[in-house]
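Okay, so here's the structure we're looking at.
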Amino acid sequence: MDLQIALLLGQDGIVNGAIYALLALALVLVFAVTRVIFIPQGEFVAYGALSLASLQAGLLPGTLWLLLVLGLVVTALDAPALMRQGRQGGRRLATLVGWQCAYPLALLGVVAGGTPQSWPLLLQVLLVLAIVVPLGPQIYRTAYQPIAEAPVLILLIVSVAVHLALVGLGLLFFGAEGSRTPAFSEASFEIGDLTVSGQSLWVVGASLFLIVALYVFFEKSLYGKALRATAINRNGARLMGISTTFAGKLSFLLAAAIGVLSGILIAPITTVYYDTGFLIGLKGFVGAIVGGLASYPVAAAGALLVGLLESFSSFWASAFKEVIVFTLIIPVLVWRSLTTHHVEEEE
Amino acid sequence: MSDHELEPILEVKDLCVSYGKVEALHHVSIKVRPGEIVTVIGPNGAGKTTLLSAIMGVLPFSRGEVAYQGEAQVHVDVERMVARGMTLVPEKRELFGEMSVEDNLLLGAFMRRRLGFRDEAETLDKVFGIFPRLKERRGQMAGTLSGGERQMLAVGRALMAQPKILMLDEPSLGLAPLIVREIFRVIGDLRKTGVAILLVEQNARAALQVSDYGYVLETGEVALEGPSDALEDDPKVVEAYLGLGGKKH
């Protein structure tokens, strides 16, 4: 291997690592707040990329139907309790119907009635975010909220089920064909021997921006602090009026947004299939494990390491690329179990 | 200065709470009027913490009702109670250890912010006025505070919600005598702000001195109730909770 190849592999590793880092942060966030290991994270990556591709092909993304159906389910679940609450319940009922029924229908009207395939890319991206991101809180409401107090293992089993259901729906919505979207930027830069594509810079730049934005959100905003408070002390947070449900929905909203943006960022680099998300999410998970599912900076660094390891092992032993990456989890777990004090889960 | 003409802000009627087959509270009824300090004293395991948890909605109750501001409820929802001006300082304090003192306090005003109030900066100044120690430590992590400071922070955080009724669960537990005196001085001072206080304590003498009305809870039942000065002189209370009469004051 000469320097040029090493630089090329390094660039590749950093670009992929940046995406894994975003997903790792989302996984740590969701686990800290809700104790859910969010395996369906990867499906948001695929849904984001494929919804954008079908919008650009002039098709109606199937995720829109899912948004509408889950909206109706959530309305059916929440409406009865609100109807018993009188005047205040009435206002909340109107909000519920507005977001869960009117909003998906309005989006459906925009996509079916307009011609989003001819819109500028930025508007298309915003439309995809508007369609796919609300699925996060909807999934929290339907699958996790009823069992929010269940042990971690049960929540994990439900995550596997949600993951399988979403992969199946992905196949139904988008078919078995993969899609690739046009690059955000065709530019490329020469830095010494290295050619850097505009899209790589987009991925790294957008990831860095999102990481900084998340940091500011958690450190400075009241809602960010409320999420941290829930992660630190659930009972204390409840007594401040920060409900477990509220925190759960907000963390799923953020995780979904991160997943969809990651999908949109990688769609021009790799061909995304309906089941591609799982493997990408799993690599983010390895990063999150390096951080013990608790530390944000260590998780991000771990994910970057996963990206680099993956790109270099694809050069040396491409057949064993995934094996090498996932084997990383074993020494990490051994090291963590030896160095950290083990705390039994409180029940 | 308890004015018994006023409608109670909180009225608990006939409350029963069970843990499995064991009944922890047995037909308990208490009343708190606006601006009044009411105390519930009793030995360990009498059900005092259970009572507060049930009123707050942290724990479901099997029979009876909790009427808050005239509205009777059979199911109490924590968030709704917080939104309507009830706060609980739990026995374990439940602080956010890895967050700064100031962030802990600001989160106390979370529900007010959600309801559209934007006055947390002024409330923060008021709380710093009551507990100057918290102002000195505003940037420090809550987990590194001393026991007394932690209790001050827990009370301060509850006050950030500008409650109409403040429920304190064993505020003197595990604190040095000097700090206990400080905490009870603050509870007495809070009377001027008009907030009603429901105080659960094992330190019966201090609790009866600061309060207007008292209940004695024993094995899940109200054994005795009355104005606090009367309870202080009641021979049964003196014998069981205040020790030798000569030690009084």
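Accessible surface area normalised per residue over region A:60-193 is 53 Å², counting heavy atoms of protein chains with a 1.4 Å rolling probe. Assuming 0.36 nm per residue, please report the length gained on full extension of the stretch A:Ser318 to A:Glu177 beyond their Cα-Cα distance. Additional length available on full extension: 48.4 nm. Of the residues A:Val212, A:Val260, A:Val160, the one that moves most in a GNM of chain A with alpha-carbon contacts below 10 Å is A:Val212. Ligands, DNA and RNA left out, the 1.4 Å accessible surface of region A:115-259 is 70% carbon and sulfur atoms.
For the pair B:Glu239 and B:Arg181 in one chain, pulling the backbone fully straight at 0.36 nm per residue adds 18.6 nm over the alpha carbon distance. Taken about its Cα centre, chain B carries a charge dipole of roughly 680 debye when the Cβ of each Lys and Arg holds +1 and the Cβ of each Asp and Glu holds -1.
Comparing A:Leu169, A:Gly10, A:Ala21 along the charge dipole axis of chain A, the residue lying farthest to the positive side is A:Leu169, per the Cβ-charge model. Assign one of three labels to chain A, namely rounded, prolate or oblate, based on the Cα gyration tensor with a ≥ b ≥ c the square roots of its eigenvalues; rounded applies when a/c is under 1.5, prolate when it is not and a/b is larger than b/c, and oblate otherwise. Oblate, since a/c reaches 1.5 and b/c is not below a/b. Spacing of the modelled spin labels on A:Leu59 and B:Ser146, each 7 Å from Cα toward Cβ, amounts to 6.9 nm.
With the Kirkwood sum run over all distinct C-alpha pairs, region B:59-207 has a hydrodynamic radius of 16.0 Å.
Using only the Cα atoms of region A:94-178, build the gyration tensor, take square roots of its eigenvalues as a ≥ b ≥ c, and label the shape rounded, prolate or oblate: rounded if a/c is under 1.5, else prolate if a/b is larger than b/c, else oblate. Oblate is the answer for region A:94-178, as a/c is 1.5 or above yet b/c matches or exceeds a/b. Using a probe of 1.4 Å, the accessible surface attributed to A:Ile191 totals some 110 Å² when neighbouring protein chains are kept in position. Spacing of the modelled spin labels on B:Asp189 and B:His27, each 7 Å from Cα toward Cβ, amounts to 4.3 nm.
Among A:Arg336, A:Arg87, A:Arg141, the largest mean-square fluctuation in a Gaussian network model of chain A (Cα springs under 10 Å) belongs to A:Arg87.
Computing Rg and the Kirkwood Rh from the Cα coordinates of region B:157-238 gives a ratio, Rg/Rh, of 0.97. Simple point charges give the picture: +1 on the Cβ of Lys and Arg, -1 on the Cβ of Asp and Glu, and for the protein assembly as shown a dipole about the Cα centre of about 660 debye. Accessible area buried by the pairing of A and B, both sides summed with a 1.4 Å probe, works out to roughly 2100 Å². A:Ser221 to B:Arg138: FRET efficiency via 1/(1 + (r/R0)^6), r the Cβ-Cβ distance, R0 22 Å, to the nearest 0.05? Once rounded, the FRET efficiency stands at 0.75. Each listed q (0.10, 0.13 Å⁻¹) maps to a log10 I(q)/I(0) for region A:211-318, found by the Debye formula over equal Cα scatterers with no solvent: -0.38, -0.62.
The modelled label-to-label distance for the pair A:Thr142/A:Val69, using points 7 Å beyond Cα in the direction of Cβ, is 0.7 nm.
Each helix, a run of at least 4 DSSP H residues, gives -39500 (n - 2.57); summed and divided by the residues of chain A, these come to -23500 deg cm²/dmol at 222 nm.
So, in Å, what gap is there between the alpha-carbon centers of region A:252-311 and region A:160-181? That distance is 18 Å. Set against the 2.2 N^0.38 Å expectation for a compact globular protein, region A:129-245 has a Cα radius of gyration ratio of 1.50. For the peptide B:112-121, the mean number of other protein chain Cβ atoms found within 10 angstrom of a residue's Cβ is 1. Burial of accessible area (probe 1.4 Å, heavy atoms of protein chains only) in region A:219-241, relative to its chain alone, reaches at least 30 Å² for A:Leu222, A:Tyr223, A:Lys225, A:Arg228, A:Ala229, A:Ile232, A:Asn233, A:Arg238, A:Leu239, A:Met240, A:Gly241.
The accessible surface of region B:165-249, taken with every protein chain in place and a 1.4 Å probe, is 55 percent carbon and sulfur. Inter-chain Cβ neighbour count for B:96-109, averaged per residue, equals 4 (cutoff 10 Å, partner chain atoms only). Our compactness index for chain B, the C-alpha radius of gyration over the empirical 2.2 N^0.38 Å, is 0.98. One decimal place: the segment A:Thr270-A:Val298 gains 7.4 nm when fully extended, by the rule 0.36 nm per residue minus the C-alpha distance. Just how far, in whole angstrom, is region B:129-149 from region A:1-48 if you go by their alpha carbon centroids? Computed from Cα coordinates, the inter-centre distance equals 39 Å. Across all directions, the shadow cast by the convex hull of the protein assembly as shown built on its C-alpha atoms averages 31.4 square nanometres. When peptides B:197-205, A:55-63 are sorted by average Cβ neighbour count within 10 Å, with the highest value leading, the order is B:197-205, A:55-63.
The values are calculated or read from the model by the stated rules, or taken from the named source; none is laboratory data. Everything numeric here is computed off the predicted structure, so don't read it as measured data. Note: ideal-geometry Cβ built from the backbone for every residue, glycine included; neighbour counts use all protein chains shown. Side chains are part of the model used for accessible areas, which takes the heavy atoms of the whole protein and leaves out ligands, DNA and RNA. Shrake-Rupley method; radii C 1.70, N 1.55, O 1.52, S 1.80 Å.
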